[in-house]
Every structure is written in C-alpha cells, then in structure tokens.
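Input: a single structure, listed below in structure tokens.
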Amino acid sequence: MKNSEILDSIKGGLLDSITGLKKEQIQFDSHLKNDLGLDSLSSMFFLTYLEDNLPGFEVNPDTIEAKDFNTVETIYNYVSRERRSAIAA
C-alpha cells in the first residue's frame, strides 16, 4: 500500500467519524482536536475505521500514545510505524 493510500484512508476515516467535516479542511498539519473537532467518541470510530480499511493495521494499546493523536501527520506516522511492525513480525 502506497503512502498516498494510507493518507487517503486517514482522511476518509476522519470524514466518516467527524460530523460536518469537509475534505478541504484536512491538511497534513491539521490538529485533530482543535482544527478538525475529533473528540473521544469520534476517536474510537476513527480508529475502528482505520483498522477496517488499512490492511495490516491494528491499534496496539501498548504503543499508541496521546502524542500520536496531535495532527494528521502524527497519526499517519503511527499508522505507518504499526504497519511496518506488523509486516516485519
């Protein structure tokens, strides 16, 4: 899976999880909470969406941290890191 496909899935998950969000609002440096309105409930929907739509990705409660939920870039980095770990295992 290409990096652009991962990013597209992240954007799709955000659009699916946050009511009223428009695709144009999602930038690589957008803050998930402050800019896009991600809250605790939509976070759960978002992570479930990613697990369902990104082959090889599962949220690992031992590795996910609050810092991974700062921006689109930080969640992208987390997803990429976890997918690499799953492939290597």
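Each value in this text was obtained by applying a stated rule to the coordinates, not by laboratory testing. Please read all numbers here as calculations on a predicted model, not as lab measurements. Every residue, glycine among them, receives a Cβ derived from its backbone with ideal geometry; neighbour counts consider all protein chains shown.
Look through region 6-29, keep the residues that are surrounded by 12 or more Cβ atoms within 10 Å (Cβ to Cβ), more than 12 Å from the chain's Cα centre (by Cα) and not aliphatic (A, V, I, L, M), and return whichever of them is nearest to I75 (Cα to Cα).
Q27
If only one of D68, D16 is acidic (D, E) and free of Cβ contacts under 8 Å to residues at least 12 places away in the same chain, which one is it?
Details: D16 fails: free of Cβ contacts under 8 Å to residues at least 12 places away in the same chain.
It is D68.
Would you point out which residue out of E82, E65 is acidic (D, E) and either surrounded by 16 or more Cβ atoms within 10 Å (Cβ to Cβ) or in contact with a His (Cβ under 7 Å, 6 or more places away or on another chain) (or both)?
Numbers: E65 fails: either surrounded by 16 or more Cβ atoms within 10 Å (Cβ to Cβ) or in contact with a His (Cβ under 7 Å, 6 or more places away or on another chain) (or both).
Checking each option against the conditions leaves just E82.
I need a count of the residues in region 19-40 that are part of a helix (DSSP H, G or I) and either of a type in the set (S, T, N, Q) or free of Cβ contacts under 8 Å to residues at least 12 places away in the same chain (or both).
Our first condition is that a residue be part of a helix (DSSP H, G or I); within region 19-40, this holds for 23-25, 40.
From what is left, the residues that are either of a type in the set (S, T, N, Q) or free of Cβ contacts under 8 Å to residues at least 12 places away in the same chain (or both) are 24-25, 40.
Summing the residues that are part of a helix (DSSP H, G or I) and either of a type in the set (S, T, N, Q) or free of Cβ contacts under 8 Å to residues at least 12 places away in the same chain (or both) in region 19-40 gives 3.
L36: surrounded by 14 or more Cβ atoms within 10 Å (Cβ to Cβ), under 12 Å from the mean Cα position of the chain (by Cα) and at negative phi, yes or no? Give the steps one after another, and end with the answer.
Working: surrounded by 14 or more Cβ atoms within 10 Å (Cβ to Cβ): yes; under 12 Å from the mean Cα position of the chain (by Cα): no; at negative phi: yes.
Spelling it out, it is not the case that L36 is surrounded by 14 or more Cβ atoms within 10 Å (Cβ to Cβ), under 12 Å from the mean Cα position of the chain (by Cα) and at negative phi.
If you check I87 against the conditions, is it outside any loop (DSSP other than H, G, I, E, B), of a type in the set (V, I, T) and loosely packed, with under 15 Cβ neighbours inside 10 Å? Before you say what the answer is, go through the steps one by one.
On the way: outside any loop (DSSP other than H, G, I, E, B): yes; of a type in the set (V, I, T): yes; loosely packed, with under 15 Cβ neighbours inside 10 Å: yes.
The answer is yes for I87.
Across region 62-77, which residue is farthest from K11 (Cα to Cα) among those that are part of a loop (DSSP other than H, G, I, E, B) and in contact with a helix residue (DSSP H, G or I) (Cβ under 9 Å, 6 or more places away or on another chain)?
T63
Residue check: is L50 outside any loop (DSSP other than H, G, I, E, B), of a type outside the set (D, E) and in contact with a Ser or Thr (Cβ under 7 Å, 6 or more places away or on another chain)?
In short, yes.
Applying the selection to region 41-59, what residues are free of Cβ contacts under 8 Å to residues at least 24 places away in the same chain and either loosely packed, with under 15 Cβ neighbours inside 10 Å or of a type in the set (D, E, K, R) (or both)?
Residues satisfying the conditions are L41, M44, T48, E51, D52.
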